[in-house]
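For reference, the structure discussed in these notes is given below.
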Amino acid sequence: MPLCRYLLCLFLLLPAPALAQGEAPTDSQGQPLTPPPPRPNCDLLPGGNAPVDRIARLSGELSVHNLNYTYFGKPLLELTAADFDEMARIVKACQVADTEAPKRLQAFREKVMNANAARQETLRWIRRNQAEIKKMGNGRQDLERLQAMWLEMLARSEEMLPADRAPLARDIVLKQEQIYVSTPVPAPDPVWTPKR
């Protein structure tokens, strides 16, 4: 008889672990437990070639030319507010001991966003000038305006990337060539020869 009870108990207890494995874990009140949030990828923080700490400590603004540096897997000019929010979350989780890390990240964010804003303003200026060039005729005043545009472009070169400047420079040179071809005045040697 004791052997029968033993087998009966064994029979009843064996399927219980198998049944429990198919159910979601619960807390003491019987509510399902939520899994912990995934640990952020801490390896993303030191990545890239942007000197984050140096940029954060700048007393002035970040040069637009530095927006070609990369951080967080992107050039700085492509970083969005969502990227910076994700960085803040990772810094909070991964650099717990460094109490200054969130402040440095915020300063870095402001420098990058300000440089991007300056670049965007210059890109709007470039688009306005390109539209103006398309509307120009072939007169002396147009040629003088093109020369003034060229000088202004050079003066604003720190506010744009070389790739931003190239289309405007090309448009100016090609329009100057068009004006010189339509007049008896010989064209001067080009300052810059655009790719055609």
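Which residues, taken from segment 133-169, are modelled with pLDDT of 95 or more, more than 23 Å from LEU77 (Cα to Cα), out of contact with any Lys or Arg (no Cβ under 7 Å at 6 or more places or on another chain) and surrounded by 15 or more Cβ atoms within 10 Å (Cβ to Cβ)?
Once the filter is applied, which keeps residues that are modelled with pLDDT of 95 or more, more than 23 Å from LEU77 (Cα to Cα), out of contact with any Lys or Arg (no Cβ under 7 Å at 6 or more places or on another chain) and surrounded by 15 or more Cβ atoms within 10 Å (Cβ to Cβ), segment 133-169 yields ARG145, MET149, TRP150.
Among the listed residues MET87, MET113, which satisfies the condition of being in a helix (DSSP H, G or I) and surrounded by fewer than 17 Cβ atoms within 10 Å (Cβ to Cβ)?
On the way: MET87 fails: surrounded by fewer than 17 Cβ atoms within 10 Å (Cβ to Cβ).
Being in a helix (DSSP H, G or I) and surrounded by fewer than 17 Cβ atoms within 10 Å (Cβ to Cβ) holds for just one of MET87, MET113, which is MET113.
So that you can scan it fast, the table gives a plain yes or no per residue for (1) in contact with a Lys or Arg (Cβ under 9 Å, 6 or more places away or on another chain); (2) modelled with pLDDT of 90 or more:
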residue	(1), (2)
MET87	yes, no
VAL96	no, no
GLN106	no, yes
MET113	no, yes
ALA117	no, yes
GLU121	no, yes
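The values are calculated or read from the model by the stated rules, or taken from the named source; none is laboratory data. Keep in mind that what you see is a predicted model, and the values were worked out from it rather than measured. Please note: Cβ atoms are built from the backbone with ideal geometry, for glycine as well, and neighbour counts cover all protein chains shown.
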